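So the structure is just underneath, and the comments pick up after that.
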Amino acid sequence: MTRTSNLTRRGLIKGAAASGLVLPATGLFAPALAQRSTDRVILGATQEPAQFNPLLYSNGGTETIPEALMFDALWDVTEKGDFVPNLAARLPTRENGDVSPDGRVWRVHLKRDVTWSDGQPFTARDVEFTYRTIVDPAVAARMRSGFDLIESFEVIDDHTVEMRLSTNYVPFYWAWQAMHIVPRHLLEGETDINTSGFNAQPVGTGPYTLQSRMAGSHMIYAANETYHRGRPAIGQFIHAFIPDQLVAYGQARTGEIDMFTLSGVPADRWDEAKALPGRVFMETPMPWVQFIYFNCEKPQFSDPRVRKALYVALEMQKSIDDITFGTNLRTMSYLSPLHWAYNGDLPEETADPARAERMLDDAGWTRGPDGIRAKDGVQLKFTMSTTAGVPSRQATQAMFQQNWKDIGVEMEIRNMPGSVVWGDYTTKSEFDTLLVAWEPTMGMDPDYSARCHTDAIGSGANYTLYSNPEVDRLLDLGASQEDMEERRDTYGQVQAILLDEVPFAPQMALNQGGLRKEALQGIKPNQYVTDAAWNVHEWSWG
């Protein structure tokens with residue numbers, strides 16, 4: 001049976017015309033779109049961004065695409081792991097005198113003649129406003145780690161700021177790399193930045209500007225003609241939302257889209273993708289780890305013994321081998337086993353259903369007449385949610401569902417579109433459990449405060465609502481230590497506690513299998529960031 005082009009069915013061509021931008025006519029499987037345009041690129045992803053303010057919640061995936069297109073940070077991190085200036089005129093270091101010997105005072109010199117896409121000048125006041133917005137408790141900032149240690153923030157002049165920290169914070173480069181700068185002149189008068197219209201129609205300093213958006217279908221961007229690093233070589237960027245991973249891969253294979261990333265090529269199609277003529281398969285270790293997130297305030301999961309038992313029952317390695325064909329790495333931590341701070345002494349405790357049953361018995365959860373365990377009138381029943389339309393995740397859920405059924409636990413699969421499941425359902429901790437892949441919010445630094453420090457509940461990304469004073473103490477200590485071996489020991493202790501109490505059950509560290517047209521040049525897969533378009537200003541057609 002012939003399948004009508006997904007881009008046609010979802011209104012991409014109509015949306016492009018409405019925006020005043022031009023796409024070629026399309027038919028079955030879009031043969032016209034398969035013909036390369038040197039002034040347009042179409043990037044396909046399975047998830048749709050929920051909002052576009054780079055300071056607010058992000059699922060660490062698809063939101064990073066509009067952020068990379070429309071906004072800039074003070075500095076970036078390259079595919080080699082080097083920090084390089086972006087809005088900053090130079091990288092502050094101890095050597096050039098911009099960072100004090102004790103690491104507590106940072107002076108940042110900003111580029112001159114940078115403008116926002118509405119023509120207004122970018123100044124130090126925008127950096128100050130961004131900082132104050134991040135630490136404002138009324139703002140649902142995605143993280144505050146490092147920013148909450150700034151004791152004073154001084155605007156020296158229009159192109160210089162100085163920050164004084166209460167203590168040395170080793171991941172401070174990562175903190176500013178992760179948070180893009182927003183325009184003071186548009187947002188300072190907003191009564192509630194969380195619900196501002198800016199979040200749907202933003203203005204940035206980045207290489208592209210948003211022209212139109214069709215919810216559930218696509219976003220269209222035009223090159224920023226006055227971009228401070230030079231106008232991008234490609235005039236039009238289309239971010240297409242294709243919720244079915246296999247359909248998205250099919251469109252990348254036939255050329256209907258130019259690049260497919262994030263969830264990427266299904267693991268069982270990697271060999272095929274590597275052999276496709278005119279295509280480049282991009283295998284890259286990524287900072288994401290896939291977990292089961294437990295809502296620790298739900299009565300089923302308030303006892304860490306229960307969470308541990310549920311984890312121990314799962315066939316983690318089998319899920320990697322059978323479902324992802326061994327393309328990903330087993331991890332017992334929020335870090336990849338390739339990370340310098342990974343605790344290699346963490347034990348593999350799965351799959352041990354007999355032990356899991358004993359643990360649940362000891363915790364007082366016993367089987368009822370229907371075979372489902374219960375305690376104090378609460379049954380061990382719950383839902384698990386993730387992005388709909390990703391076959392590997394659906395298969396993983398089905399395997400785990402059976403693992404838990406075998407020990408008297410009932411799990412219902414309840415998947416949703418990405419823009420729904422990663423919206424309030426996650427950020428307001430409305431879920432029971434999630435199957436989710438997230439990265440350390442501090443790039444390749446092992447600090448995980450934003451995801452499991454008590455202070456990050458309600459004001460960061462601690463959506464499991466987990467709290468442990470000893471973990472808090474260790475996280476605070478690790479962020480101030482400069483000696484790598486001392487930090488390795490501190491974060492090793494954090495990982496051991498988390499594996500014992502399991503607010504999130506680690507499954508695997510992800511390798512990404514992206515696919516692009518061979519003629520699309522300048523793509524630099526980067527294991528240090530999650531934004532697939534991090535260097536989009538360098539892309540071109542060869």
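The values are calculated or read from the model by the stated rules, or taken from the named source; none is laboratory data. Note that the structure is predicted; figures quoted are calculated from it, not measured. Glycine gets a Cβ as well: all are built from the backbone with ideal geometry, and neighbour counts include every protein chain shown. Calculation scope for accessible area: heavy atoms of the full protein, side chains included, ligands and nucleic acids excluded. Shrake-Rupley method; radii C 1.70, N 1.55, O 1.52, S 1.80 Å.
Remarks
- Viscosity 1.306 mPa s, temperature 10 °C, Stokes-Einstein D of segment 317-424 from Kirkwood C-alpha radius, µm²/s: 98 µm²/s
- Computed on segment 80-121, the Cα convex hull volume stands at 101 Å³ per residue.
- Spin-label model, E485 to Q317: label points 7 Å out along the Cα-to-beta-carbon direction sit 3.2 nm apart.
- Apportionment of accessible area to carbon and sulfur, segment 92-193, percent (1.4 Å): 44 percent
- In percent, rounded to a whole number, the relative contact order of the chain is 21, using alpha-carbon pairs under 8 Å and six or more apart.
- Spin-label model distance (nm) - T454 vs I372, 7 Å beyond Cα toward Cβ: 3.4 nm
- What a 1.4 Å probe finds exposed on segment 196-340 is 52% carbon and sulfur by accessible area, rounded to a whole percent.
- Cα-based radius of gyration for segment 348-406, normalised by 2.2 N^0.38 Å, reads 1.31.
- Paramagnetic label zone (point 7 Å from Cα along Cα-to-C-beta, E128; backbone N under 18 Å) in segment 150-186: 150-165, 181-186
- Treating each Cα of segment 271-334 as one equal point scatterer and applying the Debye formula with no solvent, the log10 of I(q)/I(0) at q = 0.17, 0.20, 0.25 Å⁻¹ comes out as -0.77, -0.93, -1.15.
- In loop segments of segment 59-115 as defined by DSSP, the GluC sites (Glu not before Pro) with at most 12 further C-beta atoms inside 10 Å of their C-beta are E95.
- Entry for Cα extents along the principal axes in Å (calculated from the structure that is shown) out of (1) 73, 62, 36; (2) 69, 66, 42; (3) 76, 60, 48: (2)
- R94-I497 FRET efficiency (beta carbon distance; Förster radius 30 Å; 0.05 resolution): 0.35
- Alpha carbon centroid spacing (whole Å) that separates segment 117-160 from segment 488-542: 26 Å
- Under 25 Å from the Cα of K308 - lysines, other chains or at least 8 residues apart: K298, K318, K375, K381, K405, K428
- For segment 314-465, the solvent-accessible area with a 1.4 angstrom probe is 38 square angstrom per residue.
- Segment 168-259 - percent relative contact order, Cα under 8 Å, separation 6 or more: 16 percent
- Label positions at Q120 and S166, each projected 7 Å from the Cα along the C-beta direction, are separated by 3.1 nm.
- Where segment 65-182 is the region considered: accessible area per residue in Å², 1.4 Å probe: 37 Å²
- Cα-based convex hull volume of segment 215-341 per residue, rounded to whole Å³: 211 Å³
- Cleavage-rule hits (trypsin sites (Lys or Arg not before Pro)) in segment 422-519: DSSP loop, at most 15 neighbouring Cβ within 10 angstrom: K428
- Directionally averaged projected area (convex hull, Cα atoms, segment 414-542), nm²: 10.5 nm²
- Spin-label zone in segment 121-161 - amide nitrogen under 18 Å from a point set 7 Å from the Cα of T195 along the C-beta vector: 137-141
- Loop chymotrypsin sites (Phe, Trp or Tyr not before Pro), segment 304-393 (other Cβ atoms within 10 Å of the site Cβ: 15 or fewer; DSSP): F325, W340
- Gain upon complete extension [D352, A398; 0.36 nm per residue less C-alpha separation]: 14.8 nm
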